[in-house]
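The values are calculated or read from the model by the stated rules, or taken from the named source; none is laboratory data. All values derive from a computational prediction rather than experimental measurement. Methodologically, a virtual Cβ is constructed for each residue, glycine included, from the backbone with ideal geometry; neighbour enumeration extends over all protein chains shown. Only protein heavy atoms, including side chains, enter the accessible area calculation; ligands, DNA and RNA are left aside. Shrake-Rupley method; radii C 1.70, N 1.55, O 1.52, S 1.80 Å.
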Amino acid sequence: MSDRFALTGARIFDGADWHDDAALVVKDGMVEAILPTGAIPSGVSLVETGGGLLAPGFVDIQVNGGGGVMLNDHPDVASIETICRAHAPFGTTALLPTLITDTPAITAAAVAAGAEAARKVPGFLGLHLEGPHLSIARKGAHDPALIRPMTDADQAALIAARRDLPVLLTTIAPESVEPARVTALAGAGIIVSLGHSDTDYATATAFAEAGATVVTHLFNAMSQIGNREPGLAGAAIDTGGLYAGIIADGIHVHPGTMTLALNAKKGPGKILLVTDAMATIGTDMTSFTLNGRTIYRKDGSLRLADGTLAGADLDMISAVRFVHRVVGLDLDEALRMASLYPAEAVGQAHRLGRFANGTAADIVGLSDDLDVKNVWIGGERAFAAKASL
């Protein structure tokens, strides 16, 4: 394909507005412009999309695995590439491979792999280190034997890791981390997310003031909203500076609860979609292991033997369809929850989650029924459904 081409034949959603009878012009892996079809410059290669719609590629800030691998089991570049490649057919063009609570050695290996992947793996956005500085009371599927308080050495290692990664997000619980450490991490450019915590509302808001800007999988593995104590869930909704990921599979959070949260959320922070996906995505596997424990895939969910939810069997386009069709959001807002809002949450909205001159040509082409037809990452085709070839 030419270094300069125009995608035609589809409605275009630029992250804010819709464009009809228009073309998306791409040059050298970047968006150049959205132009009326009749105004495409001569010499630009035309790529007919065959209808449907074009939207900014999805950004997933919590992806534990895919394509049969978990980052924890294989913290190397090959696994990162496999995970990124596995999620591309579902519209995800940028993601944070996520390391679930593990040993310092595994964490160091994941960071080293991420530093190398940043130079050569399409779709790699950075890393999400979910733990080990969490609350045992809200551990979820994390191994309690590996959960521990943050030390000076841990803080220094995170700050050093950030220098080697384009984005570094870490989920911590106030029970295991002091506010001053959050301030230091945020000051070093690390995105601090609150999660796996039984903390109260006042403490959660204090941690937001200290520098935390995200909440990990809203309503799951956290203190809930009560009549006298709003908990972390309430703080996530009531604090304008916090973004909050949510797992929209109909299993982790009831659609009615999602509607209440979406209606109540204070801005500028938004609720955004995450998959919390595991190794199963893109495969027919029925089980896998995490920290030596078997996780079973059944009826759309992933669970430990005792029934504890362990991540999600979810891809991003399915999450978009769920909040659009079941929760009832307008399609443009559903698309923003999968692209613009996560890009904002990790400081990448200048280049991801929208189409404007100079943004990355990360593009998802969808049918009118919201099936993924085509995906481009940096202007290179990363996926094409058979009917679109």
Calculated FRET value between Asp164 and Asn357, using beta carbons and R₀ = 22 Å, to 0.05
0.15
Computed over segment 178-247, the distribution of all Cα-Cα distances in 5 Å bins, rounded to whole %, is 4, 21, 31, 25, 14, 4, 1, 0
GNM on the chain, Cα springs under 10 Å; top mean-square fluctuation among Ile247, Ile83, Ile34 goes to Ile34
Return the percentage of antiparallel bridges among DSSP beta bridges fully within segment 206-312, rounded to the nearest 5 %.
55 percent
Residues with amide H under 5 Å from that of Ala310, placed H, sequence gap 5 or more:
Leu302, Arg303, Leu304
To the nearest 10 square angstrom, what accessible area does Leu309 show with a 1.4 Å probe?
50 Å²
Rounded to the nearest 10 Å², the accessible area of Tyr296 at probe 1.4 Å:
110 Å²
Among beta bridges assigned by DSSP with both residues in the chain, the antiparallel ones amount in percent, to the nearest 5, to 50 percent
Dipole of the chain [Lys/Arg +1, Asp/Glu -1 at C-beta], most positive-end residue of Ala86, Thr294, Trp376:
Thr294
Mind computing the radius of gyration and Dmax over the alpha-carbon atoms of segment 93-194? Å is fine for both.
13.0, 39
The chain: angle of helix 104-117 to the longest principal axis, Cα-based, in degrees nearest 10
10 degrees
Amide H neighbours of Leu290 at under 5 Å, excluding residues fewer than 5 places away on the same chain, with H built from the backbone geometry, are Ile295
Accessible area per residue in Å² at 1.4 Å probe, computed on the chain
37 Å²
If you roll a 1.4 angstrom probe over the protein chains with everything in place, what fraction of the accessible area of the chain belongs to carbon and sulfur, to the nearest %?
52 percent
Got a sec to turn the phi values of segment 142-147 into Karplus ³J(HN,Hα) couplings, 6.51 cos²θ - 1.76 cosθ + 1.60 with θ = phi - 60°, whole Hz, x for Gly and Pro?
6, 6, x, 5, 9, 7
Going by amide H atoms built from the backbone, whose H comes under 5 Å of the H on Leu272, apart from near neighbours?
Ala244, Gly245, Ile246
If the elastic network links every pair of Cα atoms under 10 Å, which of Met337, Met30, Met285 fluctuates the most in the Gaussian network model of the chain?
Met285
Using only DSSP helix segments of four residues or longer, with each worth -39500 (n - 2.57), what per-residue ellipticity at 222 nm results for the chain after dividing by its residue count and rounding to 500?
-7500 deg cm²/dmol
Taking springs between alpha-carbon atoms closer than 10 angstrom, which of Asn374, Asn263, Asn227 fluctuates most in the Gaussian network model of the chain?
Asn227
Does segment 99-154 come out rounded, prolate or oblate by the C-alpha gyration tensor, with a ≥ b ≥ c the root eigenvalues, rounded set by a/c under 1.5 and, if not, prolate when a/b is larger than b/c and oblate if not?
prolate
Nearest-ten-degree value, helix 201-210 long axis tilted from longest Cα axis of the chain:
60 degrees
How fast does segment 1-141 diffuse by Stokes-Einstein, in µm²/s, taking the Kirkwood radius from C-alpha pairs at 20 °C and 1.002 mPa s?
124 µm²/s
Once the convex hull of the C-alpha atoms of segment 38-84 is built, how many Å³ does it hold per residue, rounded to a whole number?
158 Å³
Two decimals is fine: what is log10 I(q)/I(0) at q = 0.21 Å⁻¹ for segment 316-367, from a Debye sum with one equal scatterer on every Cα and no solvent?
-0.77
How large are Rg and Dmax for the chain when only the alpha carbon atoms are used, in Å?
20.1, 66
Return, for the Cα atoms of segment 254-334, the radius of gyration and Dmax in Å, separated by a comma.
15.0, 42
Folded to 0 to 90 degrees: helix 255-264 orientation relative to the chain principal axis, Cα
90 degrees
Proximal lysine pairs, the chain, alpha carbons under 26 Å, eight or more residues apart or interchain:
8
For segment 344-389, alpha-carbon Rg over 2.2 N^0.38 Å
1.29
log₁₀ I(q)/I(0) of segment 271-389 at q = 0.12, 0.21, 0.22, 0.23 Å⁻¹, via Debye over equal Cα point scatterers, no solvent, to two decimals?
-0.56, -1.23, -1.26, -1.29
